[in-house]
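Have a look at the structure below, then the notes.
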Amino acid sequence: MTIPLFDTASALAPLHDELRAAIARVLDSGRYILGPEVRAFEAELAAYVGAEHAVGVANGTDALTVALRAMGVGPGDEVVVPSFSFYASAEAIEPTGATPVFCDIDPATFCVTPETVRAALSPRTKAVIAVHLFGNVAPVAEIEALGVPVLEDAAQAAGSLGPDGRPGSLGAAATFSFYPSKNLGAFGDGGAITTSDARIAERARMLRFHGSRDKQTFEEFGYNSRLDELQAAILRVQLPHLDAWADGRRAAAACYAASGIGELVTLPSATAGAQPAWHLYVIRSERADELAQALGAAGIGARAYYRRPIHRQPAIAVDLELPGTREAARTNLALPISPTLDAERVGEVAAALRAALA
């Protein structure tokens with residue numbers, strides 16, 4: 001049996017009729033940009049995460065840039081960001097005029113810590129991007145206690161729970177990606193910003209629409225970055241199922257833990273008090289690349305992430321020693337996970353791992 005790294009189809013199959021009806025509803029309305037579907041989804045997403053406001057944008061990268069600018073980040077500022085993350089976490093800083101300053105992570109959780117952030121702070125630090133990587137939940141409250149606003153990069157953490165609430169409500173603002181493979185995925189690109197700060201929300205709404213509040217007066221250089229009605233309607237169908245899907249991901253992770261593979265490889269650790277909705281289930285092993293080849297040959301999807309961290313990318317190339325990042329980048333391997341991955345298929349993955357390591 002082939003077991004894909006991502007299985008986006010199985011969970012959506014029971015929703016096909018409802019999804020088709022939602023798409024037809026938008027087609028019949030003739031409204032495609034910033035209409036009632038976007039407004040309804042924004043309200044529903046804000047209520048779900050526990051924030052006062054949500055602002056739909058075109059994708060998760062734009063969400064980061066718009067959110068940073070809405071938080072007041074600009075030229076001359078610094079933004080602390082982990083290097084072990086998708087490139088967009090840092091790429092989105094450049095359009096603000098600020099400078100990314102890279103911090104380390106704890107390789108056990110793949111998240112930043114107060115200690116790794118503190119080491120990167122300076123008098124010019126305007127914000128910290130705390131990435132809830134792979135669905136784990138970064139310790140936002142502890143980082144904010146350092147005295148710097150936190151922007152949560154929650155692109156991989158829809159459905160996760162932290163000790164202080166859901167990602168999306170923990171920092172000054174948060175950003176989401178609705179790329180199709182995400183825990184809550186659109187049928188194309190999409191993103192959102194959540195916040196309980198009315199000033200941040202209002203400025204984000206202005207910036208997403210060319211820096212204008214009324215389509216007539218343009219107060220700033222903004223962006224053409226809007227979540228469209230079709231994607232909002234599709235996301236509205238899925239959002240009520242997100243908690244059940246998150247439970248399915250947690251159940252699959254529990255099956256991996258019960259399978260005994262923790263005796264062979266290092267399993268991911270949830271941060272204190274967190275219940276991750278694992279977007280990716282990422283183990284660590286000194287033989288990670290060998291395992292990836294063996295699993296692939298057995299028809300099992302597995303891949304390494306961020307082997308070259310952001311600070312080592314050609315566009316940035318910063319000479320910086322980040323030992324936790326180096327460890328995570330060198331040894332990580334993502335195994336299949338989805339809301340519908342059952343114990344039988346987890347057992348097949350575990351057996352293939354054992355065979356490869358024998």
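Would you confirm whether or not segment 9-29 contains a residue that is assigned to a loop (DSSP other than H, G, I, E, B) and more than 13 Å from A233 (Cα to Cα)? Looking through segment 9-29, none of the residues is assigned to a loop (DSSP other than H, G, I, E, B) and more than 13 Å from A233 (Cα to Cα). Just one residue in the set R326, R345 is within 23 Å of the chain's Cα centre (by Cα), surrounded by fewer than 23 Cβ atoms within 10 Å (Cβ to Cβ) and either in a loop (DSSP other than H, G, I, E, B) or modelled with pLDDT of 95 or more (or both); that residue is R326. With respect to T340, is the statement that it is within 25 Å of F84 (Cα to Cα) and of a type in the set (V, I, T) true? Considered against the rule, which asks whether it is within 25 Å of F84 (Cα to Cα) and of a type in the set (V, I, T), T340 comes out as no. Has segment 289-301 got any residue that is aliphatic (A, V, I, L, M), touching a Lys or Arg at 6+ places or on another chain (Cβ under 8 Å) and either crowded, with 21+ Cβ neighbours inside 10 Å or without any contact (Cβ under 8 Å) to a residue 12 or more places away in the chain (or both)? For segment 289-301, residues aliphatic (A, V, I, L, M), touching a Lys or Arg at 6+ places or on another chain (Cβ under 8 Å) and either crowded, with 21+ Cβ neighbours inside 10 Å or without any contact (Cβ under 8 Å) to a residue 12 or more places away in the chain (or both): absent.
When V349 is tested against (1) under 16 Å from S83 (Cβ atoms); (2) aliphatic (A, V, I, L, M); (3) in contact (Cβ under 8 Å) with a residue 60 or more places away in the chain, exactly one condition is not met: (1). Here I193 meets each of (1) surrounded by 15 or more Cβ atoms within 10 Å (Cβ to Cβ); (2) assigned by TED's automatic domain parsing to the domain that holds L151; (3) more than 16 Å from the chain's Cα centre (by Cα) with one exception, condition (3). In the set T331, T325, only one residue is touching a strand residue (DSSP E or B) at 6+ places or on another chain (Cβ under 7 Å) and over 23 Å from D7 (Cβ atoms); that residue is T331.
The values are calculated or read from the model by the stated rules, or taken from the named source; none is laboratory data. As the structure is a prediction and not an experimental result, all values here were calculated from the model. No Cβ is skipped: glycine too gets one built from the backbone with ideal geometry, and neighbour counts run over all protein chains shown.
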